1. Out of the residues in the stretch 372-404 that are surrounded by 18 or more Cβ atoms within 10 Å (Cβ to Cβ) and of a type in the set (Gly, Ala, Ser), state the one that is nearest to Val427 (Cα to Cα).
2. Only one of these is at pLDDT below 90, among the small types (Gly, Ala, Ser), over 18 Å from Leu437 (Cα atoms) and part of a helix (DSSP H, G or I): Ala326, Ala299. Name it.
3. Being more than 42 Å from the chain's Cα centre (by Cα) and either in a helix (DSSP H, G or I) or within 23 Å of Arg432 (Cα to Cα) (or both) is true for just one of Arg219, Arg244, Arg282, Arg206. Which residue is that?
4. Quick check on the stretch 19-36: of everything there that is touching a residue at least 24 places away in the same chain (Cβ under 8 Å) and surrounded by fewer than 13 Cβ atoms within 10 Å (Cβ to Cβ), which residue is farthest from Val3 (Cα to Cα)?
5. Determine if the stretch 369-391 includes at least one residue that is within 27 Å of the chain's Cα centre (by Cα), part of a helix (DSSP H, G or I) and of a type in the set (Lys, Arg).
6. Inside the stretch 211-225, can you point out the residues that are in contact with a helix residue (DSSP H, G or I) (Cβ under 7 Å, 6 or more places away or on another chain) and either more than 19 Å from Val417 (Cβ to Cβ) or not aromatic (Phe, Trp, Tyr) (or both)?
7. Consider only pairs whose beta carbons are under 8 Å apart and that are at least six residues apart or on different chains; among these, list those whose first residue lies in the stretch 207-222 and is in contact (Cβ under 8 Å) with a residue 60 or more places away in the chain and whose second residue is basic (Lys, Arg) and surrounded by 21 or more Cβ atoms within 10 Å (Cβ to Cβ).
8. In the stretch 250-278, which residues are within 18 Å of Tyr391 (Cβ to Cβ), crowded, with 19+ Cβ neighbours inside 10 Å and not basic (Lys, Arg)?
Amino acid sequence: MNVKKFTAPTSREALRKVREALGPDAVILSNRPTDGEVEILALANDDAASLASPAPDSPMAQPRPYLDLPESQPYMATMSPIAAAPAAPRPQQAYAPPAAQRPAQAQAQAQAYDAPRDQAPRSASPAHHAPAPARQPAPTAPSLDMERISAMVADAVNSAKANAAAEMSGMMNEIRAMRGMMETQLAELSWGSTQQREPQKAAVLREMLAAGFSASLARYLIEKLPAGRDAADSLRWIKTVLTRNLSAIANEDALIEQGGVFALVGPTGVGKTTSTAKLAARCVMRHGPEKLALITTDAYRIGAHEQLRIYGKILGVMVHSVKDEADLRIALKELRNKHTVLIDTVGVSQRDHMVAEQVAMLQGADTNVQRLLCLNSTSTQETLNEVVRAYQGSGLAGCIMTKLDEAASIGNVLDVVIRQKLNMFYVSSGQRVPEDLHLADPAALIERAFRLKRDAVGTQYHDSELPLVMAGANIDNALREVHFG
């Protein structure tokens, strides 16, 4: 037996030395740290095989004899002969290695002993002998060390991967931050030079921001502004482009003459019930009360449906109240002979999950319900964008701009209508029914937006602030569909 010792600073280096000296099939006998190094005792595979296989003529190679049990001892097939023997002194026996380490001849003899009783003759009665069960070799210390080393290596690899991923993520965040800062600074420099080189663009920009239009829309239009124009001519070009991209119905035939089922949707307090009453009055004046039906789904607010019932009583129109999709389906089936059906829905915040339920109820009514979104002119651009995204669903038939008389500026709602590609039906500018409901006139609305400047509330930007405002304006994909004519 030739046992060799290998030392190295690390286990990996010591194993590499063992592999180079004894080959990949070497047997590790021990692995322990000594004086800051790792010491490994190893044995070549051939030497280990010679140890495992004893000489044929040695006592270790002889088969294990069976023990003669007394006749009074019951036969136990699952017990070892040694375990079932009495405590009396036993004769000396030759040690037999496990079956995995016996030579072929010894294993053949052992199999002959393990054969059925009617095939293998024995000296004693079969009831007095039982085959010895096979013993599982216990794991050796070297194999346990290798498993522990493998687990340590796997943990080290996983830790290194996690650290590398965290470092890469931090590096990417820093790169993005640096990129955003550089883009902002370059945009500021660019708009600063544009302000000096083309002052008419800066003047138009101030006008659009004061009217309530977003910085992204203003930036996109100013970048497309034709060269060689003064400030007044450039502003007229901007108004023309905005008017061309503000979609509105030309007459009431799409709503009053053709008829159908229309549902007014929107947040609470936006003016849905009042707008429904104004549309009902126009339909009654055109076709009479027998051609119109009113439906309300607002069963939450106290007296909400009573307000519409009062309008219906004045107009001579029956008002139906529904609670869910099944009631709405039944009501629409009963009112299918009506020329126009107007549905006043319950007001729900754009961040409430009931918005999706309301949209699903209107879409699942087995009838083509055209939804008209009421947009509050006094709301901010961010709020209006949220409202449109929440109530969009599978598509809106159009919108009604409400509370025009209360708005200090209307560029915010016009900006949302242009960017979201909505079709504007009516403009509501008061509480009178039906006088304060008008068809949307794009040119008049754009002109009014530029007249209602926000100078009084101190939101006018200074020249030094324009580069910073325009640097943060991002142009989205919706603006790339703006038509310039």
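The values are calculated or read from the model by the stated rules, or taken from the named source; none is laboratory data. Treat the numbers as computed from the prediction; the structure is a model and nothing was measured. Note that we place each Cβ from the backbone using ideal geometry, even for glycine, and neighbour counts take in every protein chain shown.
1. Ser377
2. Numbers: Ala299 fails: part of a helix (DSSP H, G or I).
One residue alone meets the criteria, Ala326.
3. Working: Arg219 fails: more than 42 Å from the chain's Cα centre (by Cα); Arg244 fails: more than 42 Å from the chain's Cα centre (by Cα); Arg206 fails: more than 42 Å from the chain's Cα centre (by Cα).
Residue meeting the stated conditions: Arg282.
4. Pass one, the stretch 19-36, residues touching a residue at least 24 places away in the same chain (Cβ under 8 Å): 27-31, 34, 36.
Imposing the further condition that a residue be surrounded by fewer than 13 Cβ atoms within 10 Å (Cβ to Cβ) reduces the set to 34, 36.
Values: Thr34: 18, Gly36: 22 Å.
Among those that are touching a residue at least 24 places away in the same chain (Cβ under 8 Å) and surrounded by fewer than 13 Cβ atoms within 10 Å (Cβ to Cβ), it is Gly36.
5. Applying the first criterion (within 27 Å of the chain's Cα centre (by Cα)) to the stretch 369-391 yields 381-391.
Those still in the list that are part of a helix (DSSP H, G or I) too: 381-391.
Imposing the further condition that a residue be of a type in the set (Lys, Arg) reduces the set to 389.
Checking the stretch 369-391: at least one residue is within 27 Å of the chain's Cα centre (by Cα), part of a helix (DSSP H, G or I) and of a type in the set (Lys, Arg).
6. Kept after step one, since they are in contact with a helix residue (DSSP H, G or I) (Cβ under 7 Å, 6 or more places away or on another chain), are these residues of the stretch 211-225: 211-222, 225.
Of everything in the stretch 211-225, those that are in contact with a helix residue (DSSP H, G or I) (Cβ under 7 Å, 6 or more places away or on another chain) and either more than 19 Å from Val417 (Cβ to Cβ) or not aromatic (Phe, Trp, Tyr) (or both) turn out to be Ala211, Gly212, Ser214, Ala215, Ser216, Leu217, Ala218, Arg219, Leu221, Ile222, Leu225.
7. Qualifying pairs under 8 Å: Ser214/Arg419; Leu217/Arg419.
8. Step one: of the stretch 250-278, the residues within 18 Å of Tyr391 (Cβ to Cβ) are 261-273, 275-276.
If we keep only those that are crowded, with 19+ Cβ neighbours inside 10 Å as well, we get 261-267, 270-273, 275-276.
If the condition is that a residue be within 18 Å of Tyr391 (Cβ to Cβ), crowded, with 19+ Cβ neighbours inside 10 Å and not basic (Lys, Arg), then Val261, Phe262, Ala263, Leu264, Val265, Gly266, Pro267, Val270, Gly271, Thr273, Ser275, Thr276 are the ones that fit.
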